Protein chains: 2
Amino acid sequence: MLPALKRGLPLTEPMDQEQIERIDAASMDILETVGVVFRDDIALEDWRRAGAKVVGETVYLDRALVRELIKTIPETFTYHARNPANNLPFGRDHAVFVPMTGAPFLRDLDDVRRNPTLDDLANFHKLSHMLPAMHSSAHHIVEPYDHPISQRHLRITYSSMKHSDKMFMGMTTSPKNAEDVLDMCAILFGEEFLETHPVVTGNCNGNSPLVWDETMLGAMRAFNRRNQPVLCSPFVLGGANTPASVAPTVAQLNAEALSALAYTQVVRKGCPAIYGHYLSTVSMKSGAPMAGTPEISLMNLMIGQMARFYGVPWRSSTALGGSKTFDSQAGYESATTLMALQMAGTNYMWHAAGWNEAGMHCSMAKFVVDAEQCAMAYRMAEGIRWDDFDEAVAAVSDVGPGGHYLGHAHTLENFQRAFFMPDLFDNNSIEQWQAEGGIETNERALAHVKSLLADYFEPKLDAGVDEALRDYIARREREIPAADALNQEY
Amino acid sequence: MLPALKRGLPLTEPMDQEQIERIDAASMDILETVGVVFRDDIALEDWRRAGAKVVGETVYLDRALVRELIKTIPETFTYHARNPANNLPFGRDHAVFVPMTGAPFLRDLDDVRRNPTLDDLANFHKLSHMLPAMHSSAHHIVEPYDHPISQRHLRITYSSMKHSDKMFMGMTTSPKNAEDVLDMCAILFGEEFLETHPVVTGNCNGNSPLVWDETMLGAMRAFNRRNQPVLCSPFVLGGANTPASVAPTVAQLNAEALSALAYTQVVRKGCPAIYGHYLSTVSMKSGAPMAGTPEISLMNLMIGQMARFYGVPWRSSTALGGSKTFDSQAGYESATTLMALQMAGTNYMWHAAGWNEAGMHCSMAKFVVDAEQCAMAYRMAEGIRWDDFDEAVAAVSDVGPGGHYLGHAHTLENFQRAFFMPDLFDNNSIEQWQAEGGIETNERALAHVKSLLADYFEPKLDAGVDEALRDYIARREREIPAADALNQEY
């Protein structure tokens, strides 16, 4: 696994201080005068106690209160994995890449689009474990349809823990499910360790504009109480649930994120929390969410500035695509967003591999190609090396006009690290490409997935811990009715 | 046509002043002590007269002389098109998008890879004319194989002039060919106008490391003498003809570009000139040039800083791809480079549409998709609009928590311009996509090309000028033997 990325390139910051303050002021005005709906009695009671004005379900948040609350959110912390070699510094100029999650379909090893199973999910966790630029095995990369909905979170969590020793994410499909995840984390890491070390990340989506619901808030509290970070994620379809304009959309999104970030500190002061969002723009022709549009890139650049203004780490969605297949559209959309997020300075680069069809499917082929793209973006974001500069400039003199460098000592010493060589892109001549079967990227990537999975070794999990996790799941599956209602996280 | 892009986003500048000066010093040392080979007697004589030390074919350029010479290169100028509405400010924060050129194959309307004809070239010029983000019809986008090599430059130039009224490029395949191009420009614009207005762009490739050949230098002089700009383009295959390292490669490339830029001012003081390069990194596994790699992006960011340090406009290669088909690889590679160049602040964004297979073919499908991507990159690079900020934030208050914006007056007024809606990407549901035939991007784009070409109207060209151009071509085709040697520009 690559270490957490430490950025060495300057970020793109399109707003000056006055513009940042203009967004901040607009967001604070929204919080004070329009208010935010918390559809949850416990949250309303919490807010009353914290000194907010509550009218019905609407909470009016004074800017002084918001600022006071968010200031205890840690700007940096270390994510802990069950293999300490995979621990990751997080926040400020550090970034991690995390696979996509939540796909109700996959495009499988035969490029067939179908509902996923627990075995499919295990394969994605195995790939996440093996791919160097993936820093996490996430959680339900795909939704395993072969297990009862009400019990899935247990099997998903176990799969994340078992098939990878990198950090992972925790289901927030209900407060109870979140507690199960955290209980399993306590088994894996120890209750006391959990209390003082971030080991798992939850995601709580808002209902934009300006609504947080009971399920999300309950799950958020479960994470906060155990001192675990949650992504506070307004769910923005720009133009549909926000104004049809870039800067005002950021103002609304920022108000929403602040309201949830502030709430995490009401639940537990000092608990880590991450400024989140899901962000798309909507086609005004069809109503469809779009990916890779210039406004999504601009908004991400702005959101990065806002998160840094508040001193809070932030999350974005990385390799999004709207295509139904892994064609050029998917490539353009994903690469555009990935590049924009590198320049935006995103800390938690979620949905960094596999996402296509607006999140409706995870593509096994795209998963590995995206992961390689992340490794390339990582390399770019590290910036420029100068350690061999004088030596290499001396080589120019050795080689002289009209020469070549292929046999020069500097080349022989440096070629392995000098220029990234993607495994999944074919840059050979058409003659050689044809001789090798004329294979396009989708098929080439699927062959790579097969070879990776064939080489997979399971990272050792302590037998006692494994048994305790299995016992926990068995007990909870006896307790939870198998026919609970669907409570799907997106 | 979109106006010339005026960038509103801050550029990404990975080097501090000291690092810029370190590159500059290394380049100047190369010019002074290693020297540059000019394989051309006239150039050697020119350099002697200009005060350089010349030993054999090697010219040793003193840094004071280089600085003195390049200081007369205009930092900005206006490109003139035969339709004055298509004139373009150029340099500093302005950028133009120019199609790819030089492809010996095309992927045609039936996605068949074959040698192109003059009709194919005309189609690309028609598309360039119609696509709003393309600012130029370039020259030999594809190489027309159905006309004798020695006379092709005449037909190519006429096709550029005839099928589009945007600016264009001029062939530099030999000094004589370049003079023909410039004579035809004199017919189109008038000799006196040409003398004082940039109307055409030539490209002169170097033979890295540190060699300029007679053909290129002769063509360069032809352009310079008529006061027309040339792209001074070292041809860099990083690791093969430069050191295997990012910063030293830029130091060598910078020395090469400076040597040609300086020479343009020896030929004609004050003549416009553009800092160029063709830039790829080479796979050390296969020797193949690669596209979209992180080091290409980093080098472009650095080259942008160097060009601005010298106060000279600069060119890069935009939508490069190495794939044999228009698959996801092509999408990732092109989008990555496009985004990097936007952040690098490139002025002359060449090869911005159609390039695939390392330039071996121009894809009609990719041509229109790239052009739409350029329009999206353009929108992003313009930056953030604030003019409707207060009004739109008021809409947040109108709509309130849990509402939606689709019917709000601000949305109705702004949705058309608020969020870019790509025509060539499908973001519909899979059900709708399947109902419409389940068409992938390549096929969708080809259908779009057909409909564009069906709607093409030829921009009016003055009948007298047209006749004079045709007479010129007829005369020159009588004079030039049809069986001249191939002298291919890349």
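Below is a table of values for the structure above.
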{"item": "Meets criteria (crowded, with 20+ Cβ neighbours inside 10 Å, assigned by TED's automatic domain parsing to the domain that holds A:A178 and acidic (D, E)) for A:D111", "result": "no"}
{"item": "Test for B:V66: is it modelled with pLDDT of 95 or more and not assigned by TED's automatic domain parsing to the domain that holds B:A186", "result": "yes"}
{"item": "Residues that are closer than 25 Å to B:D16 by Cβ, touching a Leu at 6+ places or on another chain (Cβ under 9 Å) and within 7 Å of chain B (Cβ to nearest Cβ), drawn from the stretch A:379-410", "result": "A:R379, A:M380, A:G383, A:I384, A:V396"}
{"item": "Which numbered condition B:E413 misses (of (1) within 25 Å of the chain's Cα centre (by Cα); (2) more than 7 Å from chain A (Cβ to nearest Cβ); (3) not small (G, A, S))", "result": "(1)"}
{"item": "Boolean, B:G464 is within 12 Å of chain A (Cβ to nearest Cβ) and at negative phi", "result": "no"}
{"item": "All helices (runs of 4 or more DSSP H) inside the stretch A:391-490 with 2 or more residues being among the charged types (D, E, K, R), open to solvent by 50 Å² or more (accessible area, probe 1.4 Å) and farther than 30 Å from B:P104 by Cα", "result": "A:409-418, A:463-479"}
{"item": "Spans of strands (runs of 3 or more DSSP E) in the stretch B:159-265 with at least 2 residues within 14 Å of chain A (Cβ to nearest Cβ)", "result": "B:211-213, B:235-238"}
{"item": "Cβ pairs under 8 Å, 6+ apart, first in the stretch A:45-60 and farther than 17 Å from B:G402 by Cα, second loosely packed, with under 12 Cβ neighbours inside 10 Å", "result": "none"}
{"item": "Selected residue (criterion: farthest from the chain's Cα centre (by Cα)) from residues of the stretch A:150-172 that are surrounded by fewer than 23 Cβ atoms within 10 Å (Cβ to Cβ) and farther than 15 Å from A:R470 by Cα", "result": "A:S150"}
{"item": "Enumeration of residues in the stretch A:327-357 that are more than 7 Å from every other protein chain (Cβ to nearest Cβ) and on the phi > 0 side of the Ramachandran plot", "result": "A:G345, A:H351, A:G354"}
{"item": "Set A:A133, A:A138: member being open to solvent by less than 10 Å² (accessible area, probe 1.4 Å) and either closer than 25 Å to A:C271 by Cα or charged (D, E, K, R) (or both)", "result": "A:A138"}
{"item": "Residue among B:Q329, B:Q342 that is in the same structural domain as B:F235 (by TED's automatic domain parsing), without any contact (Cβ under 8 Å) to a residue 12 or more places away in the chain, over 15 Å from B:V142 (Cα atoms) and in a helix (DSSP H, G or I)", "result": "B:Q329"}
{"item": "Members of the stretch B:306-328 found to be closer than 18 Å to A:P10 by Cβ and open to solvent by 10 Å² or more (accessible area, probe 1.4 Å), listed by number", "result": "B:R308, B:F309"}
{"item": "Single match in A:C232, A:C271 (criterion: over 24 Å from A:I20 (Cα atoms) and open to solvent by less than 10 Å² (accessible area, probe 1.4 Å))", "result": "A:C271"}
{"item": "Flag if B:R308 is part of a helix (DSSP H, G or I) and among the basic types (K, R)", "result": "yes"}
{"item": "Residue within the stretch B:106-121 that is closer than 17 Å to B:Y348 by Cα and hydrophobic (A, V, I, L, M, F, W, C) present", "result": "no"}
{"item": "Members of the stretch A:313-322 found to be under 15 Å from A:T281 (Cα atoms) and either facing chain B (nearest Cβ under 7 Å) or assigned to a strand (DSSP E or B) (or both), listed by number", "result": "A:S316, A:S317, A:G322"}
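Okay, residues lined up against (1) in contact (Cβ under 8 Å) with a residue 40 or more places away in the chain; (2) not aliphatic (A, V, I, L, M):
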position	(1), (2)
A:G407	no, yes
A:E413	no, yes
A:E431	no, yes
A:G438	no, yes
A:A447	no, no
A:D455	yes, yes
A:E458	yes, yes
A:R470	yes, yes
A:A474	no, no
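The values are calculated or read from the model by the stated rules, or taken from the named source; none is laboratory data. What you see is a predicted model, and the numbers here were worked out from it, not measured in a lab. For neighbour counting, all protein chains shown are included, and Cβ atoms are generated from backbone atoms with ideal geometry for every residue, glycine included. The area values use the complete protein model at the heavy-atom level, side chains included, leaving out ligands, DNA and RNA. Shrake-Rupley method; radii C 1.70, N 1.55, O 1.52, S 1.80 Å.
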